[in-house]
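This report refers to the structure that appears directly beneath it.
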Amino acid sequence: MSDLPEFQVHVDQNRYLPEGGQEVHAIVTVESAGVAGAAPRAAEVIIIDTSGSMAMPDVKIVEARRAAMAAVDTLRDGVDFAVVAGSHEARMVFPPQPGMVAASERSREDAKALIRRLTPDGGTAIGSWLWLANHLFERNGAALRHAILLTDGKNQHESPQQLDTILGVCAGRFVCDCRGVGTDWEVAELRKIATALLGGVDIVADPAGLEADFREMTEAAMGKAVADVMLRVWIPQGARLRFVKQVAPTVVDLTGKRVDSGPQSGDYPTGSWGRESRDYHICVEVPPGEIGREMRAAWVKLVVPGAEERVLGTGNVLAEWTADEAKSTQLNQRVAHYTGQAELASAIQEGLRARRDGDEATATARLGRAVALAHESGNEATARLLRKVVDVMDPATGTVRLRKDVDKADEMSLDTRSTKTVRTRKEGA
Amino acid sequence: MNTCTDCGGAVEDGYCAACGLRAPAESDHVEIETDAAAAVSDRGHRHSRNEDAMALSVLDPGVVAVVCDGVSSSPRPEVASGTAARTGARVLAGELRAGRTPEEATRLAALTAAEAVKELAPSASNAPACTYVSAFVSPAAVTVGWVGDSRAYWLAVRQGAETAGESTLPFPPAVNGSAPPGSDGPAEAGDPRPAGSATAEIRVPAPEPAAGGPADPEPVGTEPVGTEPVDTEPVDSGPADAGADVPLPRPAPGVTVPSPRSPGDDPARPAAAPPVGGGRTGGDPAESQPATLETGLPATLETGLPSALLTVDDSWGTQMAALGVRTRSASRNAHVLTAWLGADAGEVRPHVETFTPAGPGVVLVCSDGLWNYLPEPHRLAAAVAEALGGRVPHERGAALEVARALVRFALDSGGRDNVTVAVVPFPPPGGGPDAGTRTGDQDGQDISEGGPQ
């Protein structure tokens, strides 16, 4: 690709450390201007769970069929696509033989006719479905590769190790957004798949919102201008990279996805980029320096690896030791905000887990903390979801009571959407 | 600089690729030298970058020097100062060549620089800002223009002050007078250019017949501040008396010169532009001060010479002092600017003053990184004389050494701020028959700018 989009990298931090200080935090905002030249070729695979569990109740397969058809409808003309049905094995739905077909009015109708006839049967082996999708993408060769996985998420016919192995192979090859059908699936399990494949996870609970959700998802996927972008982080000798997290639009811990890319530097996959902005929270532990010493604590680059490596943008995270306490004790507002948003996500997840386990004290404490954090940061969407699970007495202090009659779909919505963050205003340069 | 000063690693994009240590930036220390002037800018010890900027432009005859100090609390202050210094020097030199009066050109340059800085701001709440001071040093006079608290000083420098027992250079120097005998500087003997060629040009204008006579100069709207009549010698006198009690260089008959401000002066206190014969002032009213001589300084230093601050800070401290307020809070807030260049500055009204020196010396244009440590004109003059070590400021390399020495002084005193010093010897070279060494329309090349980009 010669016309790569321009990336703007902006670093927000307090670079001043007190004497002996070692911990450097920064929020790195990456903005991509979007399509620079001709959009790269795109391919889409729609995977629909047709395992036996989808028949219990059978409204699940009905919902899944409707969702898959909506996804097909949103495909732009010319995008190569395929539909895969998954049970204890993967099989082609459209086209009938392994391959892909360019989207057109005719091909979309053909595909929908076949989706309508899908019936639930057999077991569940999600890894094998992803394996087939990966095979289709490899043969097709498009630069932008996106999959939608519709499932009830009970991976019964392969071991977690088998799934992990396949996720390892597929990671970085294509992006996969997961949608849970019904209320009978494990949020954590589907989140694991989505996170490994750099996609999002959500619940298919509201049939009315389904088409809009798919349209947004496929448009976002097809609107990407560049694929396989790496966040490369260099740190000085003797330093330790404590974590690298995406914090907006959602919280995703990338720390474990590191691939060493050189002396003192590692790459973290970020997938495809369209016209969008994402924030990353980076924390580095540097060796302590004397007062007045200035150093680069991290050098962040957006890189498209390959034979002809391209650097799309860079930013510096700095450290400077000062005797001026007014400087070193100042908390950077965006670092503080996103630290709160990350805590919000974990408080919700921990609170819901405790609630399921019957530990009401922990559930009340954690969900109360979540209410306070959502209130304080102005995360209204999450606050609204929380109110369906707890009765809020005082949002400022996080005083809450667990609700007794919680709709399963509401609880799952809160869980899946717990990682969605709100942004703060950028501070002055 | 390609290796780290600490660990020896390779430097990549300003930092060591191994240990991460910041490598000195180009703007950390900048020096500009022309035949006629020199300027040095340094990041100092406490700031992470140099937000000062400077520019020099050489005319025929005359020298333009501009110094700007980026306001640290504004975004991209180093861009503001760089833009202002570059624009100011370019416009000032261009307008002077186009025939404008020094005052008009100075005002226009400051306003154009203000406009350029204003345009850097995407919005008023995101406005890069800086101070501005310009000096146009012609063979006849010095015109300064400023907004903010960067300063211009007139420092009367007596040549040969440090070479007791040697003859000093007269003012103006004899046509064949070169470096003072005994000077160990790299003076090119027989290069009388700065002095000799300028003889015809640097004749101090006779004072306009002031109402009160020489002893009572009456600058418009300004109470005479610290002035005193000084006896003079004929302009074309030969070498002056030698010896430890060498006489001061003398201005032309009837010319008055400002006296040094008393050593205990609050640096932020306004000093009226020195009302010198032929000079025009319009500074704020200031307290009348008796001419006092610093008594604690060695006799060889420039104690009695009429050095003066030419600008009046646009700062809170100055305003308070002008109102006669001397409080702890006034000195604490002395540095709060009341005027600057920037989209958030409102209407910019540059001050413009012209000063006619009564003798040779140097015009010093500097940021507060220097004058915070050395505010008093006579002490600055002493430091300049010491740096000259008996040479004339016009001597090749002398101006640069003076600028370096003053910057070094600020750094040795703590270097809390960026420090920028431009040194322009008066009278400037050029205009004489052999001014060809430094003439012509060299705009662009001559405007040498310091400061980060």
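The values are calculated or read from the model by the stated rules, or taken from the named source; none is laboratory data. Being a predicted model, the structure only gives us computed values, none of them experimental. Glycine also receives a Cβ, built like all others from the backbone with ideal geometry; neighbour counts cover every protein chain displayed. To get the accessible areas, we keep the full protein, side chains included, count just its heavy atoms, and leave off ligands, DNA and RNA. Shrake-Rupley method; radii C 1.70, N 1.55, O 1.52, S 1.80 Å.
Every residue in the range A:361-419 that is part of a loop (DSSP other than H, G, I, E, B), in contact (Cβ under 8 Å) with a residue 24 or more places away in the chain and hydrophobic (A, V, I, L, M, F, W, C), please. Talk me through it step by step, then tell me what you get.
So the first thing to find is which residues in the range A:361-419 are part of a loop (DSSP other than H, G, I, E, B), and the list is A:378-379, A:387-389, A:395-398, A:403-407, A:417-419.
Going one step further and asking which of them are in contact (Cβ under 8 Å) with a residue 24 or more places away in the chain, we end up with A:378-379, A:388-389, A:395-398, A:417-419.
The answer is A:V389, A:A396.
Could you please let me know if B:V66 is modelled with pLDDT under 95 and in a strand (DSSP E or B)?
Values: modelled with pLDDT under 95: no; in a strand (DSSP E or B): yes.
Spelling it out, it is not the case that B:V66 is modelled with pLDDT under 95 and in a strand (DSSP E or B).
Test of understanding: among A:I291, A:I235, which residue is β-branched (V, I, T) and out of contact with any Gly (no Cβ under 8 Å at 6 or more places or on another chain)? If you could, list the steps in order and put the result at the bottom.
Working: A:I235 fails: out of contact with any Gly (no Cβ under 8 Å at 6 or more places or on another chain).
Answer to the check: A:I291.
How many residues does the range B:308-337 hold that are at pLDDT below 90, at negative phi and assigned to a loop (DSSP other than H, G, I, E, B)?
Residues meeting the conditions: 8.
Here is a yes/no grid of residues against (1) assigned to a helix (DSSP H, G or I); (2) open to solvent by 10 Å² or more (accessible area, probe 1.4 Å); (3) polar (S, T, N, Q); (4) assigned by TED's automatic domain parsing to the domain that holds A:F137:
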| site | (1), (2), (3), (4) |
| --- | --- |
| A:I47 | no, no, no, yes |
| A:I61 | yes, no, no, yes |
| A:R65 | yes, yes, no, yes |
| A:A71 | yes, no, no, yes |
| A:A82 | no, no, no, yes |
| A:Q97 | no, yes, yes, yes |
| A:D110 | yes, yes, no, yes |
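Of everything in the range B:12-32, what is over 12 Å from A:R293 (Cβ atoms) and either open to solvent by less than 20 Å² (accessible area, probe 1.4 Å) or among the hydrophobic types (A, V, I, L, M, F, W, C) (or both)? Give them in sequence order.
Correct list: B:A17, B:A18, B:A23, B:A25, B:S27, B:D28, B:V30, B:I32.
Identify, please: which residue in the range B:121-139 is in contact with a strand residue (DSSP E or B) (Cβ under 9 Å, 6 or more places away or on another chain) and assigned to a loop (DSSP other than H, G, I, E, B) and is, among those, farthest from B:G342 (Cα to Cα)?
B:P139
For the range A:295-313, give me the residue count where each residue is at the interface with another protein chain (Cβ under 10 Å from one of its Cβ atoms) and at pLDDT below 90.
Initial filter on the range A:295-313 (at the interface with another protein chain (Cβ under 10 Å from one of its Cβ atoms)): A:295-299.
Okay, now just the ones that are also at pLDDT below 90, so none.
Residues that pass the stated criteria total 0.
Can you run down the residue pairs with Cβ atoms below 6 Å, 6 or more apart or on separate chains, where the first is in the range A:224-252 and under 19 Å from A:T339 (Cβ atoms) and away from chain B (no Cβ under 14 Å) and the partner is of a type in the set (D, E) and in a strand (DSSP E or B)?
What qualifies is A:R242/A:E285; A:K245/A:D253; A:V247/A:D279; A:A248/A:D279.
For A:E285, work out the one condition from (1) more than 14 Å from chain B (Cβ to nearest Cβ); (2) surrounded by fewer than 17 Cβ atoms within 10 Å (Cβ to Cβ) it doesn't fulfil.
(1)
Identify the residue in the range B:9-66 that is out of contact with any strand residue (DSSP E or B) (no Cβ under 6 Å at 6 or more places or on another chain) and among the hydrophobic types (A, V, I, L, M, F, W, C) and, among all such residues, is farthest from B:V402 (Cα to Cα).
My answer is B:A18.
Does the range A:253-276 contain any residue that is open to solvent by 30 Å² or more (accessible area, probe 1.4 Å), hydrophobic (A, V, I, L, M, F, W, C), touching a residue at least 60 places away in the same chain (Cβ under 8 Å) and more than 14 Å from chain B (Cβ to nearest Cβ)?
No, because not a single residue in the range A:253-276 is open to solvent by 30 Å² or more (accessible area, probe 1.4 Å), hydrophobic (A, V, I, L, M, F, W, C), touching a residue at least 60 places away in the same chain (Cβ under 8 Å) and more than 14 Å from chain B (Cβ to nearest Cβ).
Has the range A:197-214 got at least one residue that is away from chain B (no Cβ under 14 Å) and within 23 Å of A:S265 (Cβ to Cβ)?
yes
Could you say whether any residue in the range A:143-160 is closer than 19 Å to A:M222 by Cβ and open to solvent by 30 Å² or more (accessible area, probe 1.4 Å)? Explain how you work it out, then say what you get.
Filtering the range A:143-160 down to residues closer than 19 Å to A:M222 by Cβ leaves A:143-150.
Filter again for open to solvent by 30 Å² or more (accessible area, probe 1.4 Å), leaving A:143, A:145.
Yes, there is a match, as at least one residue in the range A:143-160 is closer than 19 Å to A:M222 by Cβ and open to solvent by 30 Å² or more (accessible area, probe 1.4 Å).
Out of A:A319, A:A323, report the one residue that is assigned to a loop (DSSP other than H, G, I, E, B) and either within 14 Å of chain B (Cβ to nearest Cβ) or open to solvent by less than 20 Å² (accessible area, probe 1.4 Å) (or both).
A:A323
Just give me the residues in the range B:1-56 being part of a strand (DSSP E or B) and within 14 Å of chain A (Cβ to nearest Cβ), in sequence order.
Within the range B:1-56, B:A10, B:V11, B:E12, B:Y15, B:C16, B:L21, B:R22 meet the criteria.
Is there any pair linking a residue in the range A:148-175 that is more than 23 Å from A:A55 (Cβ to Cβ) to one that is part of a helix (DSSP H, G or I) and open to solvent by 30 Å² or more (accessible area, probe 1.4 Å), with Cβ under 7 Å and at least six apart or on different chains, and which?
A:I166/A:W131
Yes or no: A:E6 open to solvent by 10 Å² or more (accessible area, probe 1.4 Å), modelled with pLDDT under 90 and closer than 25 Å to A:L254 by Cα? First the steps, then the outcome.
Numbers: open to solvent by 10 Å² or more (accessible area, probe 1.4 Å): yes; modelled with pLDDT under 90: yes; closer than 25 Å to A:L254 by Cα: yes.
For A:E6, the condition - open to solvent by 10 Å² or more (accessible area, probe 1.4 Å), modelled with pLDDT under 90 and closer than 25 Å to A:L254 by Cα - is met.
From the list A:Q237, A:Q246, exactly one residue is polar (S, T, N, Q) and assigned to a strand (DSSP E or B). Which is it?
A:Q246
For the list (1) closer than 30 Å to B:R46 by Cβ; (2) charged (D, E, K, R); (3) modelled with pLDDT under 95, I need the number of the one condition that A:E285 fails.
Only one criterion in (1) closer than 30 Å to B:R46 by Cβ; (2) charged (D, E, K, R); (3) modelled with pLDDT under 95 is unmet by A:E285, namely (3).
Give the range B:105-137 a look and list any residue that's of a type outside the set (F, W, Y) and more than 21 Å from B:G346 (Cα to Cα), or say none. Show your work before the answer.
Initial filter on the range B:105-137 (of a type outside the set (F, W, Y)): B:105-131, B:133-135, B:137.
B:A105, B:A135, B:V137 - these are the residues of the range B:105-137 that are of a type outside the set (F, W, Y) and more than 21 Å from B:G346 (Cα to Cα).
With respect to A:S261, is the statement that it is among the polar types (S, T, N, Q) and over 17 Å from A:Y16 (Cα atoms) true?
Yes, satisfied.
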